[in-house]
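Down below is the structure, laid out as structure tokens.
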């Protein structure tokens, strides 16, 4: 019943992608990823909203960068499932208030590997992109991220973009352990982390062209 309902739901972006580039095999990949995402929504509505919002923000960055339509589509889908591995993490840990133990933090970090494992089974450009972003969206520009300590341009462009979208959405929507902050505050936090956590050129693009806010 739930799966049937999910199959009938289509985001405007998905409809636009399908109309712009109709292809039976590509359509099957699109629908499969959509079903994965909507199954997450039924299991964890908050995570589902986060994935959707992160995809929208990532697409805005892609357009500002002037990426080709197919690249924009690949990025949108990758962002829309980037945290899929969290469905394999103990929800009590994900929703825990207060400090995490080292073991608990390690389990949360493993969502990148779990997500990669869930998405890597299909050998297509779209799924390879999704699997890479699921694995690498917590890598840092300075090499201090996880799971593999990649740095700089060792991290794929799409993963660097989704990293920014992911954090911006988290800051502005809040979490169970932290209230939401304003867009201006979120931009300031991102700028503070440019060159350490994030690609500085992408942060410049994002804060000046994608998410500008009126300064006091």
For residue 188: the one exception among (1) closer than 23 Å to residue 86 by Cα; (2) part of a helix (DSSP H, G or I): (1)
Filtered residue count, segment 20-40, keeping only those that are surrounded by fewer than 17 Cβ atoms within 10 Å (Cβ to Cβ), more than 17 Å from the chain's Cα centre (by Cα) and at pLDDT 85 or above: 7
Checklist (1) touching a strand residue (DSSP E or B) at 6+ places or on another chain (Cβ under 8 Å); (2) in a helix (DSSP H, G or I) applied to residue 141, failing item: (2)
Odd one out for residue 145 among (1) under 24 Å from residue 47 (Cβ atoms); (2) in contact (Cβ under 8 Å) with a residue 24 or more places away in the chain; (3) surrounded by fewer than 21 Cβ atoms within 10 Å (Cβ to Cβ): (3)
Subset of segment 61-85 [out of contact with any helix residue (DSSP H, G or I) (no Cβ under 8 Å at 6 or more places or on another chain) and either more than 19 Å from residue 206 (Cβ to Cβ) or assigned to a helix (DSSP H, G or I) (or both)]: 68, 70
Some residue of segment 94-106 being crowded, with 16+ Cβ neighbours inside 10 Å and outside any loop (DSSP other than H, G, I, E, B): yes
Members of segment 41-56 found to be in a helix (DSSP H, G or I) and either surrounded by fewer than 22 Cβ atoms within 10 Å (Cβ to Cβ) or out of contact with any helix residue (DSSP H, G or I) (no Cβ under 7 Å at 6 or more places or on another chain) (or both), listed by number: 41, 42, 43, 45, 46, 47, 48, 49, 50, 52, 53, 56
Pairs where the first residue, in segment 91-115, is at positive phi and the second is not in a helix (DSSP H, G or I), C-beta under 8 Å, 6+ apart: 98/177
Flag for residue 128 being out of contact with any helix residue (DSSP H, G or I) (no Cβ under 7 Å at 6 or more places or on another chain), within 24 Å of residue 74 (Cα to Cα) and crowded, with 17+ Cβ neighbours inside 10 Å: no
Unmet criterion (only one of (1) at pLDDT 95 or above; (2) in a loop (DSSP other than H, G, I, E, B); (3) closer than 28 Å to residue 24 by Cα) for residue 135: (2)
Enumeration of residues in segment 119-132 that are assigned to a helix (DSSP H, G or I) and either at positive phi or free of Cβ contacts under 8 Å to residues at least 40 places away in the same chain (or both): 119, 128, 131
Segment 155-205: number of residues that are in contact (Cβ under 8 Å) with a residue 60 or more places away in the chain, surrounded by fewer than 21 Cβ atoms within 10 Å (Cβ to Cβ) and over 18 Å from residue 49 (Cα atoms): 1
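The values are calculated or read from the model by the stated rules, or taken from the named source; none is laboratory data. All of these numbers come straight from a predicted model, not from anything done at the bench. Note that we place each Cβ from the backbone using ideal geometry, even for glycine, and neighbour counts take in every protein chain shown.
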